[in-house]
């Protein structure tokens, strides 16, 4: 849902750009405290993986395709601030390096996908995780639900921006965007849960938001050691 | 501690291999249908707004995820005209270049942002 040049008016571009710049600046400030020897390479990997995965458009209904967003994946693996930074970086490289997403719409794209689709979605994930029983299953369920919602919220924000810019009335753009992204969001949830499951199985210590004390390998080790 | 650190690098290396494989070998076979927003723009009749707008940034080195110079001639199914179209190799190489570039940029940015460790001046006795 990378918005190209021409869809947004100046007011919307400037307002979303200012909000995005403020939040990314704050995120970068918060991120400083969270960056250490371990998270620097992980952040680089996360950015590279999300960039690559975003290239893989999968077909959805009626001659449309969707692709991975990665906001919730980044936030679950790295936390909201580093995650938001990763998505911002991906969007900047896509706009400047690949002409994907207009430069005048970069602020709006960062707003939709890094702020709404990553940082806000992280707090949804955290809320769900806190409300549900503490288990691996519910951790992954929270991840999947937040991933689906992240795509819905980001596409909803996009529709609001189109409406405010006079490009397409809200009554037209919002249902159309939410309708198609309800399907794309299923892909998002599937990929996110799959990748988080793999990382949890291989290296649960690298999932920043994973806070269940007894992971399976540790339990097995404890049994072996008596 | 050293072993732990090494294994993060091992994990990152394995993950990067997966990302590079996806970008280089899988992305050429990705769907080329319009994405959600593009489709909505097409259906609701505002796609022209983007098509009529001159892009604000024209210096993208790899526009539209196609490595420049790698094209093949194909016949457009609708118009019957012969058109130049990027090859699968062009897409794969664009993906490879982007994945590696973003990995390095992200690593560099993270190093710049990272707080310096407390200085060990040895002033304390």
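Summary of values
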quantity: Pair residue B:89, residue A:123: separation of 7 Å Cα→Cβ label points (nm); calculated: 5.0 nm
quantity: At 1.306 mPa s and 10 °C, Stokes D of segment A:44-134 from Kirkwood alpha-carbon radius, µm² per second; calculated: 116 µm²/s
quantity: Acute angle (nearest 10 degrees) that the helix A:170-202 long axis makes with the longest principal axis of chain A, alpha-carbon atoms; calculated: 20 degrees
quantity: Principal-axis tilt of helix A:121-131 within chain A, Cα atoms, nearest 10 degrees; calculated: 40 degrees
quantity: Calculated [θ] (222 nm, deg cm²/dmol) that DSSP helices of n ≥ 4 give over chain A, each run adding -39,500 (n - 2.57); calculated: -23000 deg cm²/dmol
quantity: Choice from B:15, B:69, B:80 showing the highest fluctuation, given a GNM over chain B with Cα pairs closer than 10 Å; calculated: B:80
quantity: Per principal axis, descending, Cα span of segment A:10-225 in whole Å; calculated: 66, 38, 31
quantity: Chain B: angle of helix B:88-113 to the longest principal axis, Cα-based, in degrees nearest 10; calculated: 30 degrees
quantity: Largest to smallest principal axis extent of the C-alpha atoms in segment A:142-181, angstrom; calculated: 36, 15, 9
quantity: Least to most buried among A:60, A:172 (fewest other Cβ within 10 Å first); calculated: A:172, A:60
quantity: Hull-based mean projected area of chain B, where the convex hull spans the alpha carbons, in square nanometres; calculated: 13.6 nm²
quantity: Simple spin-label estimate for residue B:78 and residue A:134 in nanometres, 7 Å along Cα-Cβ; calculated: 5.7 nm
quantity: Ellipticity estimate at 222 nm from DSSP helix runs (n ≥ 4, -39,500 (n - 2.57)) divided over chain B, nearest 500; calculated: -15000 deg cm²/dmol
quantity: Cα-based Rg and Dmax for segment A:80-189, where Dmax is the largest Cα-Cα distance (Å); calculated: 15.0, 46
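Each reported figure results from applying straightforward, stated rules to the coordinates on display, with no laboratory input. Because the structure is predicted, anything quoted here is derived from the model rather than measured. Neighbour counts run over all protein chains shown; Cβ positions are idealised from the backbone, glycine included.
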